[in-house]
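Every number here is computed from the coordinates shown, using simple stated rules; none is lab data. Quick caveat, the model's predicted, so the values are computed rather than measured. Quick reminder, even Gly has a Cβ in these numbers, built from the backbone with ideal geometry, and neighbours come from all protein chains shown.
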Amino acid sequence: MKHQHCRKAGNAMMVVGLIVMVSSIIFSVLNQLPDMQMPALLAQGAILGIFIGALLWLTGARVSGREKIEDRYFWHRHYDKRCRRTPHH
């Protein structure tokens, strides 16, 4: 795949993963309400959906190239030993 297609496919996977995670969290919260009588299998499926959404998100980030840590992040720039320009004692 070309770089542009990989970026679009990865972004699409990240969006799908986000939608699956958010909808699973909402479904899990709704399952805790006493008025909602949902089967136990659906409640367990909602918990599994959170992890599936997270895996889709991470896969999409890997495909689109967004998994790299940027140098602009303060913590990474100041406290990671590989990014220091001068040695601190």
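Spin-label model, Leu58 to His5: label points 7 Å out along the Cα-to-beta-carbon direction sit 2.7 nm apart. Scoring 22-33, 45-56 by mean Cβ neighbours within 10 Å over their residues and listing the highest first yields 45-56, 22-33. Taking θ as phi - 60° and the Karplus parameters 6.51, -1.76 and 1.60, the scalar couplings of region 36-48 work out to 7, 9, 10, x, 5, 5, 5, 5, 5, x, 5, 5, 5 Hz in sequence order, x denoting glycine and proline.
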